[in-house]
Each structure stands twice: as C-alpha cells, then as structure tokens.
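Student: Handing you a structure now.
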Amino acid sequence: MSRIVPNLWYTDKAEAAAAFYVSLLRDSKIDSVTALPADTPSGPAGSVKVVEFTLMGQPFMAISAGPFEPFNHAVSFMVQCDDQAEIDRLWDALSQGGKTEQCGWLQDRYGLSWQIAPVVLGEMMKDPDRARARRVAEAMLKMTRLDIALLKRAYDGR
C-alpha cells in the first residue's frame, strides 16, 4: 500500500532531532539510522545520515545532509492534545531552546514548526453557533501557549 512519509532535511542533527521527538511523543520510536554508502553532493560516503522514525504512529524520514532550505511556517506539525497537562508538557519541552509564537505555534531548537493545540479547540471552532466560535478564535489569537480553561470560558461567553 502506498503512503505519504514526511521527509525532513536537517543540516546536521537529524538523528538528535528524531531522538528528541521520540522521547516526547507516545507511540514513537527510531526505526533505523543509515549512513549513505556513496559520495553525494552533500558529502563523502558515510557523511549523510538517513533516519527513519515513527511519531505517534506516523512514519517520518529525516536526513542530515548539510545546508539547504531552512524550515519555515509553510509546514508545521500539529499535536492535538487531550488535556492541559499534555499541552504544557509538550510546549515546555519543544520550546526549550526554540521560539514561542502566537496561537499555540512554536519553533523547536532544530527550527521545525509545531502547533500544540487541544482537541477541543477544533470542536469549538466548528460550532454552528458562529458567535461562540468567534469568541474562541478571538481568545486564541491573544494566546501564545493555548489554555483550555480560557478557551472554554470564551466559548461559554464568560
């Protein structure tokens, strides 16, 4: 069966980045690390590492292959969290050495963009009562780290 596997290009720390992500997310593991056995435009045989890993059941691939295009906001990974404790744990870990941003976004120490959001946010934003959804959106736009209690308060009009 065909499938899509995101492939992330790191200048030099693909293995460290994958190990970091695996340590934070459930149902995650490093599947393999392989050095390319041939010379490439990125370096001599053995210098380019290919890391296959799984995050929350989703396969990924990463390479350490020298400078190329930096990561940017055009692609991010959203982790949908069940509770505030999970949001806080992931936010604190992923933002350490990185940069926090508005609306639950952050860039980790490797430059990869993440959205750390509660599952309930999507449910509230799709509410047919658009006034409720608007209040939630307005509350979210004022936040950096998303706060479920404050989002629910906005949703309820309190």
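The values are calculated or read from the model by the stated rules, or taken from the named source; none is laboratory data. Given the structure is predicted, the values throughout are model-derived calculations rather than measurements. Every residue, glycine as well, gets a Cβ built from its backbone with ideal geometry; the counts of neighbours run over all protein chains shown. All accessible areas refer to the heavy atoms of the entire protein, side chains included, with ligands and DNA or RNA removed. Shrake-Rupley method; radii C 1.70, N 1.55, O 1.52, S 1.80 Å.
Student: It is to be established whether one or more residues within the stretch 92-101 are part of a loop (DSSP other than H, G, I, E, B), in contact with a Pro (Cβ under 9 Å, 6 or more places away or on another chain), modelled with pLDDT of 95 or more and over 29 Å from Lys152 (Cβ atoms).
Tutor: No, the stretch 92-101 has no match at all.
Student: Further, regarding this structure: Which of the following residues is part of a helix (DSSP H, G or I), more than 20 Å from Leu24 (Cβ to Cβ) and in contact with a Cys (Cβ under 7 Å, 6 or more places away or on another chain): Met140, Met124?
Tutor: Residue meeting the stated conditions: Met140.
Student: Given the condition of a type in the set (D, E, K, R), touching a His at 6+ places or on another chain (Cβ under 9 Å) and either farther than 21 Å from Leu8 by Cβ or surrounded by 14 or more Cβ atoms within 10 Å (Cβ to Cβ) (or both), answer yes or no: does some residue in the stretch 123-132 qualify?
Tutor: No: the stretch 123-132 contains no residue that is of a type in the set (D, E, K, R), touching a His at 6+ places or on another chain (Cβ under 9 Å) and either farther than 21 Å from Leu8 by Cβ or surrounded by 14 or more Cβ atoms within 10 Å (Cβ to Cβ) (or both).
Student: Tyr155 versus (1) out of contact with any strand residue (DSSP E or B) (no Cβ under 9 Å at 6 or more places or on another chain); (2) open to solvent by 70 Å² or more (accessible area, probe 1.4 Å): which is the lone unmet condition?
Tutor: (2)
Student: May I pose another question? Looking at the stretch 15-51, which of the residues that are among the β-branched types (Val, Ile, Thr), touching a strand residue (DSSP E or B) at 6+ places or on another chain (Cβ under 7 Å) and not in a loop (DSSP other than H, G, I, E, B) is least open to solvent (accessible area, probe 1.4 Å)?
Tutor: Checked the stretch 15-51; the qualifying residue least open to solvent (accessible area, probe 1.4 Å) is Val51.
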